[in-house]
Amino acid sequence: MSLSKFTSIILFLFLTTALAAQTSYSGRVVDEASGEGLPFATVKIKDSDRGTVTDVEGNFFLLNAPDSTTLLISYVGFTNYAVKVNASKADNLIVRLTAGTELDEVVVIDYRIPLIDADNTTQGRTVTAEEIRDLPTRDISSIAATAAGVGATDKGEAPEIRGSRSDASDYYVDGIRVEAKSKKEAAPATYSEAPLFEDVVVESASMAITADVAPAPSAEYDAISTELPAAGQLTAGEVNDFSKWNLWSDLRDEDLAQYRELWGYAPEKRYVAQLTYAGGKPVIDAVVELRNNVGKTIYRARTDNQGRAELWAELFPGQLKAGGQSRLTATVDGVKVDFPSAVPFELGINAKEIAGPCERRTAVEVAFVVDATGSMGDEMAYLKSELLDVMKRSQDSLTDQNVDFGAVYYRDEGEEYVTRHLPFGETFETVVDFAGKQSAGGGGDHPEAVDAALEVALDQLDWSETAAARLLFLVLDAPPHADPETVSKMQELGKRAAEKGIRIIPVVCSGMGQDGEYLLRSLALATNGTYTFLTDHSGIGGSHLEPSTDSYEVEKLNDLLVRLITQFGRTSVCNEDQVNSNIPIVNTTDDWSVYPNPTMGPVTVELPKREGHLFIVDGFGKILQRVKVTKKKQDLQFGQLPSGTYLVRWEYEGEVSTRRVVVVRA
């Protein structure tokens, strides 16, 4: 017998033995005092990142575990325990936990109902305690961290208290702002090694294992989705810098200033253009140009589903200097029109009413541009499940519109491939099949061929000439290369995306640094997009970068993406009322008022003091206008905006109060 054959036989026998030395464990986690089952307790294999959670009755079922191991059991408000188990004691384990919290380091510093959510016009939502308990977590961070600022380290290590502002932003749970002490100050949570439950109590326990999988529109979808983890496991957040414009300006010029020099992006000198038809409906997908006084186009963009375009006199430093004063023009159905003036955002919105009949756009095109390098392997299977769920649910949310999908997967130069893509116009089944076949491999941790992927996405996906929305979700964990050629290319790609009306929405995964965060937030601003990111609350994947912001809300990733597609894509028919003028006006305090309400344009804001700033905010949280309060009766103008529901926000001395305003047309 040859040496190679002998080695192969030995290896086969070793692998067979290793595979055979696997078993499954089942049991129930209960409250020692009451005997009731504990739902969503974490059951984890020691020295591993594998585990499960109990169902609503406290039952668990863990597949393919070692035949002799230690299970770590944890539940919020109870002492953590370790249980030694083996194949002879694998079924119907009963684990009794005693009350004793590890969360005494968490400090609730404020109570606040998020102002947009309080008026039911938010672009996001607050995650409730009930929703958090429904998270299909893999470790304690998904419940404990979401509820009270506790996180977990990788590779099966004990959870620890998450950082405060220097390490992590505040986030909101059920309207309560929570903040944790820094990792240096907080003692890590530990698992008790005593008792070790050498003599495990065996009782009968019924099991109820369920999976939340979206209804399958096709055999292909069903076949792929059943091979993947259930959707709804990854957690995420959103930072819309249009909604936190002053904070972004400070970050750009101070905290993140070094990356401004690295990438050459410096979104400032912002201009907002608003186009409406005479009846108050938004003019969608019209080309708007910002020009200097010698006629050179500085920036070109398209109006979104609200009829607004975001333009930049200085996306890159020094852009406007050569021409001085700027002006705005729009092209609607081939006809060019001039705006009466061009003022920067600090001075107001540039509005123009267009004569002619209203035209509705219904096409919504969604491209997923996904990093498929090896560093994405910790989250790729989950991401595929989430994206498949998002595609199906987006079509269900926009039933009277045409939702189309395309995709680009990319790695890096010198790998098996640089890009693979599927253009728009394919059947849903084809898109599902294409996405389901992709996997992570090759590449390093930093950086990758983002520029090549974006170029393919802009030029080879066959975007429509007219659309209600063109959305590009850029899913990645590393920035592009930072050599001069690539930096210049990334600048050009951002401007071209804006010209095509393609809104770039980053979805940042584990491993990203602040250099990438700055570039991606700049791309989102340049294209009228928003910035999203995975969080550690799911317990899935490596450590995720905390965004540079004051606060954010935690959502399930699939819910967040469906919300954004619906928010950016939905349009109404031209003869349909855009608002209900009978919507009750919600007042957060009783000492100031806005009238008339509903209004056809002008309103008066009557304040008790001459302090602070007033903001006009749209129904998605975007700040449209900021006015310094100079008198107790301040006038605001809504006539340039499409009919709809807006907020007037008053900020002074750290306090925030809002009023809802309904804009109607005759």
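The values are calculated or read from the model by the stated rules, or taken from the named source; none is laboratory data. Quick caveat: nothing in here was measured; it's all calculated off a predicted structure. Note that we place each Cβ from the backbone using ideal geometry, even for glycine, and neighbour counts take in every protein chain shown.
Scan region 437-494 for residues that are of a type in the set (A, V, I, L, M, F, W, C), touching a residue at least 60 places away in the same chain (Cβ under 8 Å), more than 22 Å from M391 (Cα to Cα) and part of a loop (DSSP other than H, G, I, E, B) and the total you get is 2. Answer yes if at least one residue in region 410-431 is basic (K, R), outside any loop (DSSP other than H, G, I, E, B) and within 16 Å of V562 (Cβ to Cβ), and no otherwise. No, region 410-431 contains no residue that is basic (K, R), outside any loop (DSSP other than H, G, I, E, B) and within 16 Å of V562 (Cβ to Cβ).
Of the residues making up region 237-259, those that are over 17 Å from F620 (Cβ atoms) and either among the small types (G, A, S) or not in a helix (DSSP H, G or I) (or both) are S249, E254, D255, L256, A257. From the residues in region 519-553 that are modelled with pLDDT of 95 or more and part of a helix (DSSP H, G or I), which one is nearest to A330 (Cα to Cα)? Taking the candidates together, the pick is A526. Only one entry in Y277, Y271 is touching a Leu at 6+ places or on another chain (Cβ under 6 Å), within 22 Å of D618 (Cβ to Cβ) and outside the structural domain of G494 (by TED's automatic domain parsing), namely Y271.
Checking the stated criteria, Y552 turns out to be under 13 Å from the mean Cα position of the chain (by Cα) and of a type outside the set (A, V, I, L, M, F, W, C).
One line per residue, one yes/no per condition, for (1) surrounded by 18 or more Cβ atoms within 10 Å (Cβ to Cβ); (2) in contact with a Leu (Cβ under 9 Å, 6 or more places away or on another chain); (3) assigned to a helix (DSSP H, G or I):
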{"position": "A330", "(1), (2), (3)": "yes, yes, no"}
{"position": "K336", "(1), (2), (3)": "no, no, no"}
{"position": "S341", "(1), (2), (3)": "no, yes, no"}
{"position": "R361", "(1), (2), (3)": "yes, no, no"}
{"position": "V364", "(1), (2), (3)": "yes, yes, no"}
{"position": "F368", "(1), (2), (3)": "yes, yes, no"}
{"position": "A381", "(1), (2), (3)": "no, yes, yes"}
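Yes/no matrix, rows are residues, columns are (1) without any contact (Cβ under 8 Å) to a residue 60 or more places away in the chain; (2) crowded, with 18+ Cβ neighbours inside 10 Å; (3) over 28 Å from the mean Cα position of the chain (by Cα); (4) over 25 Å from A309 (Cα atoms):
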{"site": "P596", "(1), (2), (3), (4)": "yes, no, yes, yes"}
{"site": "M600", "(1), (2), (3), (4)": "no, no, yes, no"}
{"site": "G619", "(1), (2), (3), (4)": "no, yes, no, no"}
{"site": "L624", "(1), (2), (3), (4)": "no, yes, no, no"}
{"site": "L636", "(1), (2), (3), (4)": "yes, yes, yes, no"}
{"site": "T645", "(1), (2), (3), (4)": "no, yes, no, no"}
{"site": "R649", "(1), (2), (3), (4)": "no, yes, no, no"}
{"site": "R660", "(1), (2), (3), (4)": "no, yes, no, no"}
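Does V95 count as touching a Leu at 6+ places or on another chain (Cβ under 6 Å) and crowded, with 17+ Cβ neighbours inside 10 Å? No, not satisfied. Residues in region 451-468 that are under 24 Å from the mean Cα position of the chain (by Cα) and within 29 Å of I284 (Cβ to Cβ): A453, L454, E455, V456, A457, L458, L461, W463, A467, A468. On the basis of being without any contact (Cβ under 8 Å) to a residue 24 or more places away in the chain and within 30 Å of Y277 (Cβ to Cβ), does G334 make the cut? Against the criterion (without any contact (Cβ under 8 Å) to a residue 24 or more places away in the chain and within 30 Å of Y277 (Cβ to Cβ)), G334 qualifies. With respect to (1) of a type in the set (G, A, S); (2) assigned to a helix (DSSP H, G or I); (3) farther than 27 Å from K556 by Cβ, the lone exception for S385 is condition (3).
Scanning region 393-435 for residues that are of a type in the set (A, V, I, L, M) and touching a residue at least 60 places away in the same chain (Cβ under 8 Å) turns up L398, V403, V432, A435. Would you confirm, using the coordinates I've provided, whether V390 is in contact (Cβ under 8 Å) with a residue 60 or more places away in the chain and assigned to a strand (DSSP E or B)? So V390 does not fit the description; no.
Taken over region 402-452, the residue count meeting the criterion of being buried (at least 20 other Cβ atoms within 10 Å of the Cβ) and more than 25 Å from G374 (Cα to Cα) is 2.
Contact annotation: residue pairs with Cβ atoms under 6 Å, 6 or more positions apart or on different chains, pairing a residue in region 11-39 that is farther than 21 Å from L62 by Cα and surrounded by 10 or more Cβ atoms within 10 Å (Cβ to Cβ) with a partner that is of a type in the set (S, T, Y) and modelled with pLDDT of 50 or more, are E32/T98. Modelled with pLDDT of 90 or more, surrounded by fewer than 19 Cβ atoms within 10 Å (Cβ to Cβ) and not assigned by TED's automatic domain parsing to the domain that holds F473: does that describe V283? Against the criterion (modelled with pLDDT of 90 or more, surrounded by fewer than 19 Cβ atoms within 10 Å (Cβ to Cβ) and not assigned by TED's automatic domain parsing to the domain that holds F473), V283 does not qualify.
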